[in-house]
Structures are given as C-alpha cells and as structure tokens.
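Reading through the structure tokens given below for one structure.
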Amino acid sequence: MHQTLGFRRRHPRLFTAVAICVAAAALLAAAPVAAQPASTPRGWVIQAGTYDYLVQPDFDAVASLADVVDKSTIGLGTFDQLDGELVLVRGTVYRVGTDGTPRPVDLNRTTPFFQGVRFSPQEWVTLAANTACSDLIPIIDAAAGAEDGIVAVRINGTFSALTTRSVPKQAKPYPPLSDVIAEQVQFPMTDRKATLVGFRQGSNMLGVGQPGLHLHGLTRDAKAGGHVLSCTVGSGARMAIQQVRGVQLHAPSGG
C-alpha cells in the first residue's frame, strides 16, 4: 500500500511538516491510497514501513529494495527479519551483519523498514572537534530553522570515537524490539574516517521514523559500519542537511 504525507513551506529555503496524526496506525488508516509513481518526487523521503511497525513487533518485509530505493543516494533501514543494518551511501546499499563487515546487497532483497532520499543539501555546518552525536539535534534544528518535520543528515569526517552496532536475524514469534536490541553486537572504533547518514524526526513525525536522530554509518574504507550508537567528532567533520518536503510511504498491507 502506497501513501503520501505532504509537507508545507515555512522557511525561505526549507520545509516543515504539516500537523498530522502522530500515531502511525491512525496516520496510515487516514492517508489516501495512490498508485506508486514512476519516481519519488525530488526532495521527498521514500520509506518502507514505519518505526511503529517494528515496535509492534513485526519484522516481516513490506517492500523490496528495488521498489523503494529508487534514486535515493543516502538512507538507512534493515532487512527482512531484522537481518542486519542497512546503510545507503553514495547510492550503494550495504548490509552490516553481526560480523561488522559491510557488504553491497542485491536490490531484490526485502525490507520491513527503509528511509532514503535523493540528497540535495540546503545547509552545511562545520562541526567543532569533540562534538558528540548526542549534541547534534539542536545544531540540526538551528541550521534547519525548525524543530518539526524530517531533516536528512549526512556527516563526513574523522571521528575520534565511533560505536556502531548490528543485531541478529529474528524468527517468529518475533520478540519485542527492545529484546532484540539487548542482543546487539557493538563495534567500537577510534580515529576513523567515516560517513554518517540518517534522519532527524521531529515530534510531529513520531511513529513514522525512529524518534530523534537516527544515524547509520560506513567507514571511508567500507570495512566497518552499522547503526550508530555514539560518536565523537575529530577534526574537519562537516554536516550537510536537507529538510524534506514529504514522505512517500509504502505501508504494510492493511495499514
């Protein structure tokens, strides 16, 4: 089922979300159904599933990557049955399993949750050394000029500390997402050049994406990556942001 969530202009260059129902189930039930377009509109996030869908918990795939990646250049997500972390960097989709090694994947693979965008930065921020991932939300909000909506984020640079993770593949009956996260395998790194990509979800988008700032990462040599748990910026890191115009949502059958 394909749905669209439109946003409206509130900033000379950027966009913020209209008031929508924050409960994903109600949002999906109320949204109109439309035929899948040939391509995602420029400036829109294309998304499979929702964060609330994972929390149910339901880790069954809702779309193939071929259906949702489209022309996205950055993005994140996971695979059917939570089989590893998905990182989309420079238009290439990688899977990071519990061995911590990123591997390019075939777009015939399926996903219960994916967010991607054809990244076109609107603002750039040079991050001060020792800035932590936990410090980024107010910096993003200040650069975007808004605290609502969804902001796409890409950070390039050296990280004095970077910890990523992956989780093991799950089987039915699916355990709660919190139990799966308790089984995560962590990959601590120091002094690594990397690209972090993801999305800052405003409070009016709760349930659509993971609350707050959700980042996945890939080292410059593509030998490590995964879901970002924490980071500390080294020298010369630069963050680019794009506040998106809307979400093209591929929802689970039946909403």
Thr131's amide H: which non-local residues (gap 5+, or another chain) put their own amide H closer than 5 Å, with H modeled 1.01 Å from N in plane and none for Pro or chain starts?
Val233
Per residue convex hull volume, Cα only, segment 56-125, in Å³ is 112 Å³
Measuring from label point to label point, each 7 Å out along Cα→Cβ, what is the Arg238 to Gln56 span in nm?
4.3 nm
Relative contact order of segment 159-255, defined on C-alpha pairs under 8 angstrom at six or more residues apart (%)
34 percent
Report, in whole Å, the centroid distance computed from the Cα atoms of segment 33-110 and segment 164-207.
14 Å
Which lysines have a Cα lying under 20 Å from the Cα of Lys172, excluding residues fewer than 8 positions away in the same chain?
none
So the compactness index of segment 123-243, its C-alpha Rg divided by 2.2 N^0.38 Å, takes the value 1.10
Residue separation between Arg42 and Asn130 times 0.36 nm, minus their alpha-carbon distance, gives in nm 28.3 nm
At a 10 Å Cβ-Cβ cut-off, how would you order Ile155, Ile241, fewest neighbours first?
Ile241, Ile155
Taking amide H atoms as placed 1.01 Å from N in the peptide plane, list the residues 5 or more away in sequence, or in a different chain, whose amide H sits under 5 Å from that of Glu123.
Ile241
Proxy reagent accessibility, fewest Cβ within 10 Å first, across Met239, Met189:
Met189, Met239
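FYI, it's all coordinate maths here, none of it is from the lab. Please read all numbers here as calculations on a predicted model, not as lab measurements. When we count neighbours, we look across all protein chains shown, and the Cβ atoms used for this are built from the backbone with ideal geometry, even at glycine.
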